[in-house]
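Structure first, then comments.
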Amino acid sequence: MIGAAAKKQHIVVINTGCANISSVKFALERLGVNVTVSDDLAIIAKADKVFLPGVGSANAAMSSIAQKQLSPCIQSLTQPVLGVCLGMQLMVSESEERVHQGQNNNIAENTPCLNLIPGKVKRMQVGDLRLPHMGWNTITTEDNSTLFKGIPNGTYFYFVHSFAVDVYEHTLASCEYGNPFSASLHKDNFFGVQFHPERSGSAGAALLENFISL
Amino acid sequence: MLARRIIPCLDVRDGKVVKGVKFRNHEIIGDIVPLAEQYAKQGADELVFYDITASSDQRVVDKSWVSRIAQVIDIPFCVAGGIKSVEDAGRILEMGADKISVNSPALANPDLITDLHDTFGQQCVVIGIDSFFNEQTNTYQVHQFTGDESRTKVTGWQTKDWVEEVQKRGAGEIVLNCMNQDGVRKGYDIDQLATIREACDVPLIASGGAGETHHFYDVFKQADVDGALAASVFHKGIIPIPELKDFLRAQGVCIRD
């Protein structure tokens with residue numbers, strides 16, 4: 001349960017112009033916290049907790065963030081920030097994802113991201129399996145003090161994506177689909193989840209509560 | 001491991017959940033938000049809302065229920081019916097739907113699939129296909145406007161070709177509704193689904209024909225589909241979702257707890 005103090009926090013969902021903003025807002029409201037959706041730099045900077053949501057393509061989302069001149073603001077945040085799905089992917093250095101699926105083999109076209117956490121988003125290599133990786137899959141983590149406190153290994157979360165970050169030093173939780181990949185990232189005050197906690201039933205709600213309670 | 005999905009489909013007309021046999025004779029099942037909530041609690045992995053008002057009428061349809069569902073539901077859901085443009089899709093997604101499903105309008109204008117993909121990303125573009133097995137020609141044919149008997153027609157597409165086309169254009173998931181089986185609860189069309197599976201590299205959802213728990217096992221095992229959609233067996237309480245999931249788990253199918 002979220003404590004009374006946590007409920008008084010200013011929670012801001014950054015309006016990245018992406019489509020899953022309502023879902024994230026509604027999920028937080030179900031927990032009883034006050035949520036503001038904003039692209040106002042001053043409001044974001046003053047927040048106790050910040051969400052960076054996103055669905056769609058990395059390129060489109062970064063263009064939207066650039067247009068709103070949000071990058072320096074997000075990069076200077078020191079309070080806990082949680083990137084969700086594409087929002088998590090935007091937190092690393094760059095993404096292989098480009099505007100059109102078919103355009104391959106041009107490294108210069110990688111999308112530069114926010115560089116809050118080192119790392120690169122790559123297209124998933126899944127062999128004969130289907131992409132997008134869509135549905136409920138289990139996570140593995142050694143974290144029992146931050147996002148995954150009280151959430152056992154093998155808990156199902158809802159994923160929808162075709163790109164991912166490999167497992168590396170900043171992986172907080174991993175998942176497997178064809179190959180292992182990062183289900184969650186962490187560096188300093190920046191956290192990210194590849195899955196959708198807002199659509200992951202009670203496990204997702206528990207994770208959001210953990211983040212709000214940080 | 002990625003779990004196979006159990007997906008109740010709620011046909012919506014004027015904000016109420018209805019169900020008909022072979023797309024006709026609709027009866028009211030109940031109010032949409034409490035039913036959606038109930039399914040989420042029972043362990044449904046995802047929900048599909050198919051607005052049958054929208055697909056056959058020209059008038060503007062009130063979709064405010066999408067937002068009401070998004071507020072209470074903590075599992076993913078998809079909205080189908082009457083989405084004819086990027087603007088239509090944008091409104092539904094902004095209200096909190098995770099995916100939009102397009103059927104007849106994609107057949108009328110295949111560029112719509114490309115535009116939806118480029119605007120919102122592959123992950124939220126679902127293509128619904130109504131496929132009918134024609135015994136005379138021994139082919140699977142795509143039908144259009146199946147929501148309205150007076151407009152229903154056979155298209156020039158064979159199902160496998162259309163499945164390949166929509167994937168080229170950026171579909172993120174395909175729901176294959178096998179019309180011969182729909183509403184009669186005699187099992188999914190395994191032959192057709194297995195055939196289409198071979199041509200489908202994105203998630204494939206089986207629709208039409210679920211009547212007993214073992215039908216779900218058969219379709220996962222024999223047609224390797226990613227999810228199984230059903231309506232009446234859930235609405236009428238013929239198959240309780242927790243029992244179905246226990247059964248499938250006991251048979252070794254990967255199912256979410």
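The values are calculated or read from the model by the stated rules, or taken from the named source; none is laboratory data. Bear in mind the structure is a predicted one, so any value in this text is a computation, not a measurement. For neighbour counting, all protein chains shown are included, and Cβ atoms are generated from backbone atoms with ideal geometry for every residue, glycine included. Heavy atoms of the whole protein, side chains included, go into the accessibility calculation; ligands, DNA and RNA do not. Shrake-Rupley method; radii C 1.70, N 1.55, O 1.52, S 1.80 Å.
Which ones in segment B:94-123 are within 14 Å of chain A (Cβ to nearest Cβ), over 15 Å from the mean Cα position of the chain (by Cα) and hydrophobic (A, V, I, L, M, F, W, C)?
B:M95, B:I113, B:L116, B:F120
So which residues in segment A:27-57 are closer than 19 Å to A:A4 by Cα, crowded, with 19+ Cβ neighbours inside 10 Å and within 10 Å of another protein chain (Cβ to nearest Cβ)?
Hit for segment A:27-57 is A:A27, nothing else.
Going by the structure shown, is B:V253 part of a loop (DSSP other than H, G, I, E, B), out of contact with any Gly (no Cβ under 8 Å at 6 or more places or on another chain) and surrounded by 23 or more Cβ atoms within 10 Å (Cβ to Cβ)?
No, not satisfied.
For segment B:157-167, indicate whether the set of residues that are modelled with pLDDT of 95 or more and under 21 Å from A:I21 (Cβ atoms) is non-empty.
no
Can you spot a residue in segment B:29-44 that is in contact with a strand residue (DSSP E or B) (Cβ under 7 Å, 6 or more places away or on another chain), within 30 Å of A:R123 (Cα to Cα), among the hydrophobic types (A, V, I, L, M, F, W, C) and modelled with pLDDT of 90 or more?
yes
Need pairs with beta-carbon distance below 8 Å; first residue farther than 14 Å from B:Q167 by Cβ and within segment A:123-134, second open to solvent by less than 20 Å² (accessible area, probe 1.4 Å) and among the polar types (S, T, N, Q); sequence gap 6+ or separate chains.
A:R123/A:S162; A:M124/A:S162; A:H133/A:S162
Can you pull out the residues in segment A:138-162 that are touching a helix residue (DSSP H, G or I) at 6+ places or on another chain (Cβ under 8 Å), within 23 Å of B:P203 (Cβ to Cβ) and surrounded by fewer than 21 Cβ atoms within 10 Å (Cβ to Cβ)?
Once the filter is applied, which keeps residues that are touching a helix residue (DSSP H, G or I) at 6+ places or on another chain (Cβ under 8 Å), within 23 Å of B:P203 (Cβ to Cβ) and surrounded by fewer than 21 Cβ atoms within 10 Å (Cβ to Cβ), segment A:138-162 yields only A:S162.
Being open to solvent by less than 70 Å² (accessible area, probe 1.4 Å), modelled with pLDDT of 95 or more and outside any strand (DSSP E or B): is that true of A:Q79 here?
yes
When you go through (1) within 13 Å of chain A (Cβ to nearest Cβ); (2) more than 18 Å from B:I129 (Cβ to Cβ); (3) modelled with pLDDT under 95 one by one for B:F77, which number turns out not to apply?
Evaluating B:F77 over (1) within 13 Å of chain A (Cβ to nearest Cβ); (2) more than 18 Å from B:I129 (Cβ to Cβ); (3) modelled with pLDDT under 95 leaves (3) as the failure.
Suppose we filter segment A:1-29 for residues that are among the basic types (K, R) and under 19 Å from B:L93 (Cα atoms); how many remain?
Residues flagged as among the basic types (K, R) and under 19 Å from B:L93 (Cα atoms) within segment A:1-29 amount to 1.
Can you tell me which of (1) closer than 24 Å to A:Q79 by Cα; (2) within 13 Å of another protein chain (Cβ to nearest Cβ) is the one A:Y177 doesn't meet?
For A:Y177, the failing item is (1).
Any idea which residue in segment B:124-150 is farthest from B:D98 (Cα to Cα), counting only those that are within 14 Å of chain A (Cβ to nearest Cβ) and out of contact with any His (no Cβ under 7 Å at 6 or more places or on another chain)?
B:I127
Need at least 2 residues that are over 18 Å from B:I174 (Cβ atoms) and of a type outside the set (D, E, K, R) per element, so show me which strands (runs of 3 or more DSSP E) inside segment B:67-159 make the cut, counting only ones lying wholly within it.
Answer list for segment B:67-159: B:153-158.
Residues checked against (1) among the charged types (D, E, K, R); (2) modelled with pLDDT of 95 or more; (3) assigned to a helix (DSSP H, G or I):
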| position | (1), (2), (3) |
| --- | --- |
| A:I2 | no, no, no |
| A:A6 | no, no, yes |
| A:Q9 | no, no, no |
| A:A19 | no, no, no |
| A:S22 | no, no, yes |
| A:A27 | no, yes, yes |
| A:F51 | no, yes, no |
| A:V55 | no, no, no |
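So B:G90 passes all but one of these: (1) out of contact with any Lys or Arg (no Cβ under 9 Å at 6 or more places or on another chain); (2) in contact (Cβ under 8 Å) with a residue 40 or more places away in the chain; (3) within 14 Å of chain A (Cβ to nearest Cβ); (4) open to solvent by less than 30 Å² (accessible area, probe 1.4 Å). Which condition number does it fail?
Looking at each condition in turn, B:G90 falls short on (2).
Of all the residues that make up segment B:223-239, how many are assigned to a helix (DSSP H, G or I), closer than 20 Å to B:R256 by Cα and either among the polar types (S, T, N, Q) or within 14 Å of another protein chain (Cβ to nearest Cβ) (or both)?
Number satisfying all stated conditions: 1.
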